[in-house]
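S.K.: For reference, the structure I am asking about is given below.
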Amino acid sequence: MRHTLPHAPQFYVTAPQPCPYLHGRAERKLFTALQGENAPELNNTLSRQGFRRSQNVLYRPSCESCVACMSARIRVADFTPSRTQRRLMRRDGGLSRVNMTPWATEEQYELFRSYLDCRHADGGMADMDVFEFAAMIEETPVQTRIIEYRCDGADPEKLAKGDDHLAAVCLTDVLDDGLSLVYSFYDPALQAASLGTYMILDHIEIARSARLPYVYLGYWVPGSRKMDYKARFSALEIYKGGVWQTLGKPEDHSNETHPLSVDPIVEQVARISLPQFGR
């Protein structure tokens, strides 16, 4: 018998596992498959509702007793760099940007391994091999780019790694209303150059030149030191209570790690807005 996929995506929930951001907590994700000719439209629609893409899956935190993780994005038109960020942009100006199709290379994987071994040796991606890395980069049903940042020797005193050295990489989705930073990594030997922050600043400029209103940064988690840097960007919005709102003071959201209740999964799914796919 021939089977066809339903027009409406099906949502599932993962089993709880240790939270990578807040010690002693458990995370759980609500997710759906991203596939077929409607994948770009679904990615656009759900990204505006706090979902993120990982290969052929869209997911959003749906923990049983915590709502700390909030999707974050920068309003490009309203963003103004801080004095520190302006200084960083001048300092790292010797980097060249190379836009590429999402195709993994050995050079990228070597940089990825160095980054994980130094920065996230105990993280969930620590055991990722070259084939899994290639899948992360290449398995995408939407418009995706690999953006490489290289030291081209323009300013060897600031980024002294030699000509054409791969310094950083960002896997970026192009949405209808912005750029979404799916995953980024950099040479840990250049940690002082703050390349993670620089890539965000550069994506703001890319979005501005393309007249895209937002840069999506993934999740911001109050109380997580790993996520503190996101709150340093002006014009930052968070997806909270089903709406996007200006972050304001980060400390005002500290109680989000201890909610009184979390809505049942069925109610969360019922409130998700879906695109009207043709039949």
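The values are calculated or read from the model by the stated rules, or taken from the named source; none is laboratory data. Small disclaimer: the values here were computed from a predicted structure and weren't measured. No Cβ is skipped: glycine too gets one built from the backbone with ideal geometry, and neighbour counts run over all protein chains shown.
S.K.: Which one is modelled with the highest pLDDT, of the residues in the range 118-131 that are out of contact with any Leu (no Cβ under 8 Å at 6 or more places or on another chain) and surrounded by 12 or more Cβ atoms within 10 Å (Cβ to Cβ)?
M.R.: The extreme case among them is 130.
S.K.: Can you pull out every residue in the range 130-149 that is within 19 Å of residue 37 (Cβ to Cβ) and assigned to a strand (DSSP E or B)?
M.R.: Within the range 130-149, just 144 meets the criteria.
S.K.: How many residues, within the range 150-164, are at pLDDT below 85 and either assigned to a strand (DSSP E or B) or touching a Ser or Thr at 6+ places or on another chain (Cβ under 7 Å) (or both)?
M.R.: Total meeting the criteria: 1.
S.K.: Now for a different question. Give all pairs with beta carbons closer than 7 Å in which a residue from the range 189-212 that is in contact (Cβ under 8 Å) with a residue 12 or more places away in the chain and farther than 18 Å from residue 90 by Cβ meets a residue that is of a type in the set (Gly, Ala, Ser) and buried (at least 18 other Cβ atoms within 10 Å of the Cβ); count only pairs at least 6 apart in sequence or on separate chains.
M.R.: Pairs found: 207/178; 212/178.
S.K.: Out of contact with any Lys or Arg (no Cβ under 6 Å at 6 or more places or on another chain) and modelled with pLDDT under 90: which single residue out of 247, 260 fits that description?
M.R.: Exactly one of 247, 260 is out of contact with any Lys or Arg (no Cβ under 6 Å at 6 or more places or on another chain) and modelled with pLDDT under 90, namely 260.
S.K.: Give the range 205-221 a look and list any residue that's at positive phi and exposed (fewer than 14 other Cβ atoms within 10 Å of the Cβ), or say none.
M.R.: Correct list: 211 only.
S.K.: Does residue 115 satisfy the criteria of being modelled with pLDDT of 70 or more, touching a strand residue (DSSP E or B) at 6+ places or on another chain (Cβ under 6 Å) and more than 20 Å from residue 52 (Cβ to Cβ)?
M.R.: no
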